[in-house]
């Protein structure tokens, strides 16, 4: 079976001409802001979400790093004490932000060398000796990030544009240090278009850890989408049409001609929705997604393996804050069929299974059921010292036609101690554990790591 998987983590190579265009665009934008607004303002809080793909740890007291402009309709002064004071509308600005980061660690066991600097259960050995002998030191700067955010008030609402990339190669560039776009999208009023976090995802579940990839059991997918946001703010409602994509496992039938002539097709976009109810001490959130997957049998003959499959998923999540917002409990539970593509670390969405009693269609595809959860606590010892500790798990219900070494269960846990003496610097150490369990051959693999990271951040505002 041939499928095209959605590629939120796929690397896009950007040559020197891309960087020249980016630099030129920034220069032109700065000139358009006007000479009266050209002074850079440092130490401006930037909404640079830190995740597993956004997984660099944040400053200990920086749970909310968003610096949005006030609404054009929001009073800027006290109407009772200064009724004649003119309101100053927001002005266009450009935020430039990012960080340089070194990850230095020791892997006690071994994993797929293309994923040497992250701890993904699905990338652990599926049989003894698959990736050679245990024990390896690694160093990486692939978490390093650069981003630009633009803002301009218009008669149609606030116009916002984001372009952000890091150096973490995936897809055909897996294992390489190469520029990879992460977020590139625009907003105008209640409409967003471009690539950013899926509406099925809750980025606030991601804990304050050093490992780049993060908890395997959380929804994590950056996807091109057209999003409508009828309710915005801390409490919000979002609905989106997202790029479809999936992957398939033919299992023990992979060499059969009939299976090789089956192609995946995505006739419709994925439909996702998210609602969050917030209050002073946190929020609860529910998200759902539904998708259509077509299987087209391109060969001629008596056997016809054409099929339509429906995938669906539900994501329930929450953040609960304690001790004056210094401690945060991050929770998530996910279940569904055929939505592995949206998970942070999961294998195929569809697998072959027998179709007993039908000689014209002896095999059919099945949207693989899965379930997962994340439980993490971010704790602040002081304003400078923090610890994050937690556990995550994901289980796939395999079909009997998958190979005995197929991925069945992944587990993940970390604990760290981080020090951030001031806003733009962070360092610390972290212990990481992961475990892979195969479907039916009894094999499992563990991985143990110690990682130290050094992060140097910057931010500046032009205009505003």
Within segment 245-271, restricting attention to residues that are outside any helix (DSSP H, G or I) and surrounded by 21 or more Cβ atoms within 10 Å (Cβ to Cβ), which residue is farthest from the chain's Cα centre (by Cα)?
262
All but one of (1) in contact with a strand residue (DSSP E or B) (Cβ under 6 Å, 6 or more places away or on another chain); (2) at pLDDT 95 or above hold for residue 278; state the number of the condition that does not hold.
(1)
Out of 416, 355, report the one residue that is touching a strand residue (DSSP E or B) at 6+ places or on another chain (Cβ under 9 Å), without any contact (Cβ under 8 Å) to a residue 40 or more places away in the chain and farther than 20 Å from residue 219 by Cβ.
355
Hey, residue 162 over 25 Å from residue 391 (Cβ atoms), buried (at least 19 other Cβ atoms within 10 Å of the Cβ), within 23 Å of the chain's Cα centre (by Cα) and without any contact (Cβ under 8 Å) to a residue 40 or more places away in the chain or not:
yes
For residues that are more than 24 Å from the chain's Cα centre (by Cα), over 18 Å from residue 253 (Cα atoms) and not in a loop (DSSP other than H, G, I, E, B), tally how many sit in segment 293-332.
4
Regarding segment 135-143, can at least one residue be identified that is in contact (Cβ under 8 Å) with a residue 60 or more places away in the chain and surrounded by fewer than 19 Cβ atoms within 10 Å (Cβ to Cβ)?
no
In segment 215-240, anything touching a strand residue (DSSP E or B) at 6+ places or on another chain (Cβ under 6 Å), surrounded by fewer than 24 Cβ atoms within 10 Å (Cβ to Cβ) and not in a strand (DSSP E or B) is listed as 234, 235
Subset of segment 328-341, residues over 18 Å from residue 399 (Cβ atoms), buried (at least 24 other Cβ atoms within 10 Å of the Cβ) and out of contact with any helix residue (DSSP H, G or I) (no Cβ under 7 Å at 6 or more places or on another chain), comes to 334
When you check residue 312 against the structure, is it free of Cβ contacts under 8 Å to residues at least 12 places away in the same chain and either closer than 25 Å to residue 219 by Cβ or touching a strand residue (DSSP E or B) at 6+ places or on another chain (Cβ under 6 Å) (or both), yes or no?
no
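For (1) under 26 Å from residue 237 (Cα atoms); (2) loosely packed, with under 15 Cβ neighbours inside 10 Å, each residue gets a yes or a no:
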site: 278; (1), (2): yes, yes
site: 285; (1), (2): yes, no
site: 288; (1), (2): yes, no
site: 316; (1), (2): yes, no
site: 326; (1), (2): no, no
The condition from (1) more than 18 Å from residue 249 (Cβ to Cβ); (2) touching a helix residue (DSSP H, G or I) at 6+ places or on another chain (Cβ under 6 Å) that residue 402 misses is numbered (1)
Condition set in contact (Cβ under 8 Å) with a residue 24 or more places away in the chain and within 20 Å of residue 225 (Cβ to Cβ), scope segment 290-304, selection surrounded by the fewest Cβ atoms within 10 Å (Cβ to Cβ): answer is 292
It is to be established whether one or more residues within segment 204-214 are in contact with a strand residue (DSSP E or B) (Cβ under 7 Å, 6 or more places away or on another chain) and closer than 23 Å to residue 241 by Cα.
yes
Does residue 464 qualify as being surrounded by 15 or more Cβ atoms within 10 Å (Cβ to Cβ) and at positive phi?
yes
Might you check whether a residue that is more than 23 Å from residue 254 (Cβ to Cβ), modelled with pLDDT of 95 or more and out of contact with any strand residue (DSSP E or B) (no Cβ under 9 Å at 6 or more places or on another chain) occurs anywhere in segment 444-461?
no
From the options 210, 159, residue that is out of contact with any helix residue (DSSP H, G or I) (no Cβ under 8 Å at 6 or more places or on another chain) and closer than 27 Å to residue 89 by Cα
159
Return the residues of segment 174-200 that are under 17 Å from residue 274 (Cα atoms), surrounded by fewer than 20 Cβ atoms within 10 Å (Cβ to Cβ) and without any contact (Cβ under 8 Å) to a residue 40 or more places away in the chain; say none if nothing qualifies.
191, 193
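The values are calculated or read from the model by the stated rules, or taken from the named source; none is laboratory data. This is a predicted model, so every value here is computed, not measured. Cβ sites come from the backbone with ideal geometry, for glycine too, and all protein chains shown count toward neighbours.
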